1. Name the residue that is surrounded by the fewest Cβ atoms within 10 Å (Cβ to Cβ), counting only residues in the range 1-60 that are outside any helix (DSSP H, G or I) and aromatic (Phe, Trp, Tyr).
2. Of all residues being of a type in the set (Val, Ile, Thr) and crowded, with 20+ Cβ neighbours inside 10 Å in the range 592-627, which is farthest from Phe534 (Cα to Cα)? Just the residue, please.
3. How many residues, within the range 285-321, are outside any helix (DSSP H, G or I) and within 20 Å of Glu337 (Cβ to Cβ)?
4. Can you name the condition, by its number, that Asp789 falls short on among (1) closer than 21 Å to Thr684 by Cα; (2) open to solvent by 40 Å² or more (accessible area, probe 1.4 Å)?
5. Give Glu386, Glu412, Glu416 a once-over and let me know the one that is buried (at least 21 other Cβ atoms within 10 Å of the Cβ) and in a loop (DSSP other than H, G, I, E, B).
6. In the range 457-486, which residue that is among the aliphatic types (A, V, I, L, M) and closer than 17 Å to Leu430 by Cβ is surrounded by the fewest Cβ atoms within 10 Å (Cβ to Cβ)?
7. Suppose we keep only residues that are open to solvent by 50 Å² or more (accessible area, probe 1.4 Å) and not in a loop (DSSP other than H, G, I, E, B) within the range 628-655. Which one would you say is nearest to Ile542 (Cα to Cα)?
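The values are calculated or read from the model by the stated rules, or taken from the named source; none is laboratory data. Predicted, not measured: the structure shown is a model, and the values here were computed from it. Cβ placement follows ideal geometry from the backbone for every residue including glycine, while neighbour counts extend to all protein chains displayed. Heavy atoms of the whole protein, side chains included, go into the accessibility calculation; ligands, DNA and RNA do not. Shrake-Rupley method; radii C 1.70, N 1.55, O 1.52, S 1.80 Å.
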Amino acid sequence: MFFIGPVNQVLNRLLVKPLISEFANTPLNDSVLIFLSAFAIVWLYMFSEKAFLRKLAIFTAFFYILQLNQQVWYFQHMCLIPIVREWDLVVAALIIPYIFTVTIKRSAQKTAINGNGFIEDLAIESVEQDIFNRKEVAREIAHRISITTNSKSFAIGILGEYGSGKTSFINLIKCYLDKTKVEMVDFNPWSADGTPNIQKDFFDLLASRLYVLNPEASGMIVNYSRRLSRVDSSAEKLIRQIGFASSLFKSRSYTDDYERINQLLKKSGKKIIVTIDDLDRLYKEEVMEVLRLIRNTASFTNIFYIVAYERSYIQESIKSMNANVGSSYLDKIIQLEIPLPKREREDLLHVLESLLECFITSVHLEAYRTHILETGFRNQFNFTFETIFRQSRDVIKFINNFKIAYQLLGNEVMFENLFVLELLKFRFPLIYDRLFEQRDDFIRLKSSRSFHEEFYELRTYSVEKENLPLIGRTLRDEKNYNEAEIILVCGLLGNLFFMFNRSARAKNAIIYPMFFERYFRYRLSGKDISERQFQQAWQEGILGMKAFIEQCMENKLLNEISTRIFQEKPKSQEAFEFKMEALFYLGTKYIIEKGTRSFDYEAITNLLYNYNHHVDNLYYKKDENAYRLFVERLFENAESPYVFPAEIVYQVKHNKIEISVPTSMLVNFQVRYFAAHIAEKGLTKDAVWMFWGIRDEYTEPAPGQPGYVTKHFKFEPQVVPVVKTALAKYDPFEFLKLSVKYDIRERTLVAIYPELLNIFDTPEELRNLVAVNTKINPEIKADYLAFFDACKEKAFVNWAQYEFKTALKPDKSDNDD
């Protein structure tokens, strides 16, 4: 600033006039300048130290402001971007790299924490990040360091297990140290290339950091280091010569240098804080070398060592190098040992929840708080998960793993089950694998007549009337885990397969066989239905669900979608009616693909069962008439080929299920379904099956057997004219085949069902219908008429001896009622 005029003249003469002023202001040159500036930004950011970039930015900014205030030069505007001057672009290229070093690291860390990427296990760098409330202890240590005067080095040991936060605690101490009164030196001995280089690397680092503070002391430290190691080179001589010429004229011993260094450090008035982290990461001989530095060779005035380590490992290292020394050896080197302040019991849970908030949904977060936090981590008497996370590093590792599982399965499985299963995988990966590959060691299937009611439960054994997980006893016998670990494993499994109020919880839980494997596969296979797609279809109403059912039919997933719909527990009239409509639509598709008898009719009639007004009380505000109208509408809207609703009506009548619809109306539905099916498809096997269900079942006292009854049935009168018309109009083969009754032990003993004959005025009416029907195969017709005549000879009351010669020959299933 004093010599700005002469400086400008020199710059004018040497640089501006002969070179810069001749720069052509063209689009091409502007483009080249932009490219070079961008290249400079990237180069400086990637390959320059932060300290250099900071100095460069400060000097450039100062010089820029200074030149703008001078009237010596005119700064040319760019051709491509007129608002920007070419000089502005050059200045920006020199300042922006430092801005990047300050902002990008911070934003990258924020992204790692708040985004869906992995979270880095980084030590905290500021007091605001202290989540374990250790800052007060750190403040007090920093204060004591600042007021302590020491003639030799003072070593402070920070004790803690691996991953417990020792580095973060050292950083907290740094935050409270006055940077104008201390010089920080971070020494990483584990980066040295072997034990012999630890001492050299330490003194080189110390000398470089003290050069600005005291060049003479810096050079002396290099000289002292080389005397200790008996190493001398021309390059090192040059370093020693910088800052003190006296070393050229006289020779000192390393003891003289040691005393001189102490005097210079004391005179500087600054404290040197040397931090040595992860001492317990070193080999044992390297540990001893660092301890020798602290105790002997680098025990200088005003130097404080803050060393982080796990004490047991350091003690083992000392004993391995010298078996005669005791625990007091370390006490002579480390003047103060401070165990890492213990965290509060729930500190790790706060960290866990804050990380979960960044990527899971609000619904899942609430599930975590309600079902996992309260019943798992905070429950001392049941599923206590408190020992899963031992330090914050464990939480970060778990979250990084859980993010993968959640991204792939979060919408396909029950969140609470996924979370607890991932806890099991995190702490006990071998148990996790075993649960999938050898699940019989852990669980058994609680079978049920209906697939959707089957579930897995823990195998247990009884001790003093208490049921305990069988796997716990197995693990104790195997002796691969300690008792605390076995209790934790049993707690995690107990949470996964806990049966309390299971029906009210999500139906994609791990206890259901249909969902069990996907928890481990992290994907849907060809045998799975997507829970996300199911929920979406469910929200879209009956049209969306019908489309989803058709998609499942194309993918051969009708069993799975049937199970999933049955699992839904409606809580309102609308939800109940929607579920029944979906099941009726599904049932029609189901039996088309899998056969008439394949569907779980009992499950659906149980849903319709209005015993003691259960359904109308639950969903219709005790309005039975409203429920009846819905059921009637359900049967009214039944779809072709009508086999499914016809079978539902038969099951209702056969099992005497009360559904609030009169029996006469149910019979009308059956007859209508039968007639509509025949009109559309003819007298098919399904049509005959439907006809066989249109009957009235009753009992009569067994003759000669007091107290016993016999079961009988007769076909409903409304269906008789329909079936007679069909027999005359269509090929009656299926009807004739089903009319044959045979002895289950002797296939050649046959008869005609008497109930079937009763629908005709005389048996001959049946024979005449067959005889005049031109649609039937002649061979089959002749075979049936011969059979009929054989039965007639027995007056249709006793078994006839006859062996069929055509397709009328009965199968085993033909007489199953």
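1. Restricting attention to the range 1-60, the residues satisfying the condition of being outside any helix (DSSP H, G or I) are 1-3, 17-19, 23-26, 48-49.
Still in the list and also aromatic (Phe, Trp, Tyr): 2-3, 23.
Values: Phe2: 6, Phe3: 9, Phe23: 11.
Ranking the qualifying residues of the range 1-60, first place goes to Phe2.
2. The initial filter retains those residues of the range 592-627 that are of a type in the set (Val, Ile, Thr), namely 592, 596, 604-605, 615.
Adding the requirement that they be crowded, with 20+ Cβ neighbours inside 10 Å leaves 604, 615.
Working: Ile604: 20, Val615: 26 Å.
Filtering first and then ranking leaves Val615.
3. Narrowing the range 285-321 to residues outside any helix (DSSP H, G or I): 298-310.
When the remaining residues are screened for being within 20 Å of Glu337 (Cβ to Cβ), the result is 298-299, 303-310.
So the count comes out to 10.
4. (1)
5. On the way: Glu386 fails: buried (at least 21 other Cβ atoms within 10 Å of the Cβ); Glu416 fails: in a loop (DSSP other than H, G, I, E, B).
Selected residue: Glu412, the only one of Glu386, Glu412, Glu416 that is buried (at least 21 other Cβ atoms within 10 Å of the Cβ) and in a loop (DSSP other than H, G, I, E, B).
6. Taking the range 457-486 first, the residues among the aliphatic types (A, V, I, L, M) are 458, 463, 468, 470-471, 475, 484, 486.
Then drop every residue that is not closer than 17 Å to Leu430 by Cβ, which leaves 471, 475, 484, 486.
Working: Ile471: 21, Leu475: 22, Ala484: 9, Ile486: 21.
My answer is Ala484.
7. Arg633
Residue-wise test of (1) within 48 Å of the chain's Cα centre (by Cα); (2) in a helix (DSSP H, G or I).
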residue	(1), (2)
Val137	yes, yes
Ile145	yes, yes
Asp193	yes, no
Asp204	no, yes
